[in-house]
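Notes for the one structure printed next.
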Amino acid sequence: MAGSAATDQASLLARAAGGDEHAVASLYDRFAGPLYGFGLQRLGDPELAEQLVQDVMTRVWRHAGRYDPSRGSVATWVFAIARTTAVDLHRRRQRLPRTTELEDTPSPVDELEDLLRAELVRAALDRLSPEHREVLELAHMRGLRQVDIARRLQLPLGTVKSRTYYALHAFRLACQELGVQR
Amino acid sequence: MTTVCGHDRELIAGLVLDGLDDVQAVTVRTWLASCTTCREEHAELVPLPALIDLGREPGPRAPERVRDRVLADAVRRRTRRRWSTALVAAALLAGLVGVGIGRQLAPEPPEVAIAVSGVEPFEASGTVAFRTDQESTLVSVTLDGLDELPEPGVYEAWLYRADGRIVSIGQLDVIDGRAEALLTAEGPPGTYVGFWVTAEPDHRDPAHDGPTVVRATVPHF
């Protein structure tokens, strides 16, 4: 399943290289959030983080034809561009009167992968039906037992039991389809 | 719901989410100790609560204007490419091949790639390709044969301006001896006369201190 997600991204990149702006939009929607979060963490400035997103996504679609799948995933390729861009933006800022050290932090590739993983998990949760999302929220996020969920939702305990089971499996399937690494 | 082993596997999800009462939890744990089928299903579900935690908070969102700019650039380039293609085809049909109409269309500028090799003692080699979008110079670098530099060293790419100034255009990540990077510099290629890669001893120091690894002349556009 993770393979199909990777193929989907490579296909989007190929279409973006051919000038398909819907593919460009899909790539943007996939990566912009994690890139912005990465920019905020690394550069500490919302304006520079915006600039990073714009610069990276522009480079990604303009040079999409250069992506070589044998050298890694689309995400790895995008993250490599992001790292270089962050360093460039930091160095440009260093030439201004206000300077801030780019702190040594864990590998920027790891940070971006964590941010992207969180984004994919949110996408997986969004794929669930409202009923499935509700039981998972009550069971895990609110820490309620199944008997308490049944009382709150005024449902038979057996229904809550089944719904929880299928909700968890639906979430697992969505994560697989989106290529979330566990 | 029961499995072929006869156990109610829906309770496994309840155990994973810590939603069972104590008696039920003990019962399910007893099954898991002796039933491979249930144990395998439990193992599949156990990592999921931690993933749910990962997605709990809403992620950061870049302002919508950034999306608009990126897409507007894509539409603009696609439109320019289509007009170029359509009108050049029309010119061919009309028997007016090339120069006059071609110049007015300002077709997509060519990419000029040059082979580069290392400056002794460096044995790097590869290609550097230059393109312009009229406002900036786009440099695509592919180099092989780069040795690992001791921390905090880094390979850095520079452009040498016609007015004598040197501009850093970015640092190169090296994986298995290869660096591939897409770099951008302000201004059209005519601004620049030379391209260098150096081995800088400290990536935190903006000054140019390290030896030259490759050197090339920026081609005329």
Inset, instruction - Give the angle, between 0 and 90 degrees and rounded to the nearest 10, that separates the Cα long axis of helix A:74-94 from the longest principal axis of the Cα atoms of chain A. - result: 50 degrees
Inset, instruction - Choose one answer from A:Thr159, A:Thr76, A:Thr58: the residue with the largest mean-square fluctuation in a GNM of chain A with alpha-carbon springs under 10 Å. - result: A:Thr159
Legend entry - Max mean-square fluctuation residue, GNM over chain A, Cα-Cα springs under 10 Å, options A:His90, A:His140, A:His63: A:His140
Legend entry - Derived scalar couplings ³J(HN,Hα) [the range A:17-25; Karplus, 6.51 cos²θ - 1.76 cosθ + 1.60; whole Hz; x for Gly, Pro]: 4, x, x, 7, 6, 5, 5, 4, 5
Legend entry - Heavy-atom accessible area ranking, 1.4 Å probe, most first, across A:Met57, A:Met141: A:Met141, A:Met57
Legend entry - Cα extents of the range A:1-69 along the three principal axes, largest first (Å): 34, 27, 20
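So what is the orientation-averaged projected area of chain A, using the convex hull of its C-alpha atoms, in nm²?
Working: hull surface 51.0 nm².
Taking the Cα atoms of chain A, their convex hull projects to 12.8 nm² on average.
Count neighbours as other Cβ atoms within 10 Å of each site's Cβ, and list the trypsin sites (Lys or Arg not before Pro) in the range B:124-166 that are DSSP loop with at most 10 such neighbours. Spell out each step's value before the answer.
Numbers: sites: B:Arg131, B:Arg161, B:Arg165; in loops: B:Arg165.
For trypsin sites (Lys or Arg not before Pro) across the range B:124-166 that sit outside H, G, I, E and B with at most 10 neighbouring Cβ atoms in 10 Å, the list reads B:Arg165.
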Legend entry - Helical mean residue ellipticity (222 nm; -39500 (n - 2.57) per DSSP H run of 4+; nearest 500) of chain A: -24500 deg cm²/dmol
Legend entry - Whole-Å semi-axes of the ellipsoid equivalent to the range B:1-71 (Cα gyration tensor, √5λ, descending): 41, 13, 9
Inset, instruction - May I ask for the angle, rounded to the nearest 10°, between helix A:108-127 and the longest principal axis of chain A, with both axes built from Cα atoms and the value confined to 0 to 90°? - result: 40 degrees
Inset, instruction - Kindly write out, for the range A:56-66 in residue order, the coupling ³J(HN,Hα) from the Karplus curve 6.51 cos²θ - 1.76 cosθ + 1.60 (θ = phi - 60°), rounded to whole Hz, with x marking Gly and Pro. - result: 5, 5, 5, 5, 4, 7, 5, 10, 4, x, 8
Inset, instruction - Please give the solvent-accessible surface of A:Ile81 in Å², to the nearest 10, using a probe radius of 1.4 Å with every protein chain present. - result: 10 Å²
Inset, instruction - Determine the relative contact order of chain A: mean sequence separation of Cα pairs under 8 Å and six or more apart, normalised by residue count, in whole percent. - result: 27 percent
Inset, instruction - Take peptide A:67-77, look around each residue's Cβ out to 10 angstrom, count Cβ atoms belonging to other protein chains, and average those counts. - result: 1
Legend entry - Cα long-axis angle, helix A:157-178 against chain A (0 to 90 degrees, to the nearest 10): 20 degrees
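The values are calculated or read from the model by the stated rules, or taken from the named source; none is laboratory data. If you're wondering where the values come from, they're calculated on a predicted model, not measured in any experiment. Virtual Cβ from ideal backbone geometry, glycine too; neighbours counted across all protein chains shown. For accessibility, only protein heavy atoms count, side chains too; no ligands or nucleic acids. Shrake-Rupley method; radii C 1.70, N 1.55, O 1.52, S 1.80 Å.
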